[in-house]
Amino acid sequence: MRVMLEFIGDKDLHLPIQYNHIVQGFIYNNMTDGDFSAFMHDEGFKHGKRKFKLFTYSRLEGEFRLLKKEEKIVLKPPFKLTISSPIDEFIFDISQNMFKKDFCTFNNQTFQLSSINIENPPVFRDRARIKFLSPVVMYSTIEDKGIKYTYYYSPWNDNFSDLLLNNLIKKYEVIYGEGVRDPYFKLYPIGRENMKYQKVMKYKNTVIKGWMGIYDVECNPDLLKVAYYSGLGAKNSQGFGCFEIL
């Protein structure tokens with residue numbers, strides 16, 4: 001399930017450029033079920049040693065300007081937020097709570113919810129063109145001479161689609177409790193590699209490298225559905241891997 005929220009207000013929204021954690025906190029704080037909120041935040045859904053939160057969200061969308069020296073972003077209302085999850089209870093809980101409120105708060109700044117829209121499910125096919133609403137991230141933890149470091153992949157890397165597929169298979173098994181038939185997922189960048197689409201971000205002082213842009217996909221439709229609702233790639237609950245189907 002996917003919900004689109006639009007906010008209005010008399011003043012601009014001022015945030016640090018690295019604001020993903022603020023939006024994540026906004027989402028958790030707008031859950032009414034405290035136990036479920038704690039479960040989503042602290043535990044998530046287990047697959048072996050891995051844990052999946054099974055939700056993702058877009059960047060805040062709207063007219064903005066960057067104040068680079070101050071490391072701030074200023075958004076002019078109206079601005080929008082998309083939240084997505086295969087766990088319908090999660091989206092329903094947030095949506096119903098938001099609907100009851102007169103005002104919502106981002107980083108101690110108050111705005112009014114002007115619209116809330118539960119999206120009609122799209123048709124998932126074996127081919128699609130997608131546009132990322134928040135950067136897609138894929139990485140490996142590599143050890144060299146006893147030192148571990150994180151290697152972030154580009155969509156132009158041959159291993160990128162294979163890693164996406166392995167990640168999606170695990171998410172599918174967590175959601176449905178069984179293996180996916182005919183697992184297949186390939187992401188094709190449109191054009192040559194262009195570093196303007198790479199986004200180097202920080203989440204709670206951890207550097208994360210992701211990619212925006214428009215891509216073509218060939219896939220098992222069931223895996224596209226999983227990706228659409230839970231996020232594509234890694235770190236989805238930190239605000240990565242949300243996309244729309246064009």
Any idea which residue in the stretch 118-138 is surrounded by the most Cβ atoms within 10 Å (Cβ to Cβ), counting only those that are over 18 Å from the mean Cα position of the chain (by Cα) and either among the polar types (S, T, N, Q) or part of a strand (DSSP E or B) (or both)? ALA128
For the stretch 201-216, does any single residue satisfy the condition of being out of contact with any strand residue (DSSP E or B) (no Cβ under 9 Å at 6 or more places or on another chain), modelled with pLDDT under 95, under 20 Å from TYR57 (Cβ atoms) and among the aromatic types (Phe, Trp, Tyr)? yes
Going through the stretch 40-50 in order, the residues found to be modelled with pLDDT under 80 and surrounded by 11 or more Cβ atoms within 10 Å (Cβ to Cβ) are MET40, HIS41, GLY44
Residues PHE99, PHE90, PHE111: which one is free of Cβ contacts under 8 Å to residues at least 24 places away in the same chain, assigned by TED's automatic domain parsing to the domain that holds THR32 and not in a loop (DSSP other than H, G, I, E, B)? PHE99
Give the residues of the stretch 3-19 that are more than 21 Å from the chain's Cα centre (by Cα) and part of a loop (DSSP other than H, G, I, E, B), sorted by residue number. GLY9, ASP10, LYS11, ASP12
Given the residues LEU113, LEU168, which is the only one that is over 30 Å from ASP10 (Cβ atoms) and either surrounded by 13 or more Cβ atoms within 10 Å (Cβ to Cβ) or not basic (Lys, Arg) (or both)? LEU168
All but one of (1) under 21 Å from the mean Cα position of the chain (by Cα); (2) over 25 Å from GLN18 (Cβ atoms); (3) surrounded by 13 or more Cβ atoms within 10 Å (Cβ to Cβ) hold for GLU89, so report the exception by its number. (3)
Does SER161 count as surrounded by 15 or more Cβ atoms within 10 Å (Cβ to Cβ) and touching a strand residue (DSSP E or B) at 6+ places or on another chain (Cβ under 8 Å)? yes
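The values are calculated or read from the model by the stated rules, or taken from the named source; none is laboratory data. Please read all numbers here as calculations on a predicted model, not as lab measurements. Counting neighbours? That spans all protein chains shown, and the Cβs are built from the backbone with ideal geometry, glycine included.
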